[in-house]
Every structure is written in C-alpha cells, then in structure tokens.
1. Hey, any hits in the stretch 57-64 for a residue that's assigned to a helix (DSSP H, G or I), within 26 Å of Gly19 (Cα to Cα) and touching a residue at least 24 places away in the same chain (Cβ under 8 Å)?
2. Could you grab the pairs with beta carbons closer than 8 Å, sequence gap of 6+ or different chains, first residue in the stretch 1-23 and under 9 Å from Ala104 (Cβ atoms) and modelled with pLDDT of 95 or more, second one surrounded by 13 or more Cβ atoms within 10 Å (Cβ to Cβ) and of a type in the set (Asp, Glu)?
3. Which members of the stretch 67-121 meet the condition of being aromatic (Phe, Trp, Tyr) and either closer than 19 Å to Arg24 by Cβ or outside any helix (DSSP H, G or I) (or both)?
4. Go through the stretch 59-75 and report how many residues are hydroxyl-bearing (Ser, Thr, Tyr) and more than 17 Å from the chain's Cα centre (by Cα).
5. So which residues in the stretch 122-146 are under 13 Å from Val72 (Cα atoms) and not in a helix (DSSP H, G or I), if there are any at all?
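The values are calculated or read from the model by the stated rules, or taken from the named source; none is laboratory data. Remember, predicted model here, so these are calculated numbers, not experimental data. Cβ coordinates were reconstructed from backbone atoms using ideal geometry, including for glycine residues, and neighbour counts include every protein chain displayed.
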Amino acid sequence: MLREIDIPPLWLAIFAALGWLVARAVPLALPYGAAAGWGLIALGGALVLTAAGQMVLRHTTFIPRRDPSALVTGGVFALSRNPIYLGDALVLAGFLLINDGFLALPLVAAFMLLITRRYILGEEARILATFGDEYAAYCRHTRRWI
C-alpha cells in the first residue's frame, strides 16, 4: 500500500508544503521573484511533459520502479538523464519564489538528494542491468541532473 503512494509527486508536494511553511514564517521576496518563479514552473512543466511524451512515444514507462522497455537518450534526455525529476525540481524552485520563500530554496537541493537516493539510484541499476554498455556509454556523456 505505501509503495503505491510513495511516488515523486507526493514528495514534491511535501517539499512544497514545507517550503510554503518556511515562507509564511520568514517571508523573503526577491525582486522579480514571482516572474522568475512562474518562468521556472513553466520550464519545469514543459520539461516534464516533453520527457514523458518522449517515453510514451518509445513505448516505455515513466512510472518509477517499473522496468523500462526502451532506452531514451535523445531530445531532453540528451541534456539530463532525469529530465522529469529535473522538471520537478524547477517547479519546486518556482513555487518557492512565487511564495516569497527564498530562504526555503535549500529544500530544492534536499528534494534532489531524496529523489536521487529514493528513486534514481534504483532506476539506474535497473536500466544498467537491462541495457548494459549502451546505458553505460550514455551515462558517460550525459549528467544525472544537468
């Protein structure tokens, strides 16, 4: 049961809620912070949708902890091995800026660390076991985050 709800969007919501609480307790707005925040949300959302779309077109899963059926290395995956998680991090950063949560921005790094340990490392092991040298070569040329 818990495994079914232990998904990255839940963690994104938890970190956003924590950031919102920090922003309410100690608000610190940046000049043009809201505009930058909306830009980050738009960029992050576009990254998530583009990456998910690329995976759907290749008939592979974008659901964490499921075995991939294809290795996607082009498009946004040429920029980051984890563009969906990167998009989530951008959305979180944008949300914090919109809500005057400049002091909560370290939560973005904490979110990225949690996602790496909770999801990415296991996904990388599964992908390496499935695609071997092809995935290893991709990893040598493409960073995990950016």
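1. Taking the stretch 57-64 first, the residues assigned to a helix (DSSP H, G or I) are 57.
Still in the list and also within 26 Å of Gly19 (Cα to Cα): none.
Within the stretch 57-64, none of the residues are assigned to a helix (DSSP H, G or I), within 26 Å of Gly19 (Cα to Cα) and touching a residue at least 24 places away in the same chain (Cβ under 8 Å).
2. Going by the 8 Å Cβ cut-off, the qualifying pairs are Ala23/Asp100.
3. Phe95, Phe102, Phe111
4. Taking the stretch 59-75 and keeping what is hydroxyl-bearing (Ser, Thr, Tyr), we get 60-61, 69, 73.
Keeping just the survivors that are more than 17 Å from the chain's Cα centre (by Cα) gives 60, 69.
Final tally of qualifying residues: 2.
5. The answer is Thr142, and nothing else.
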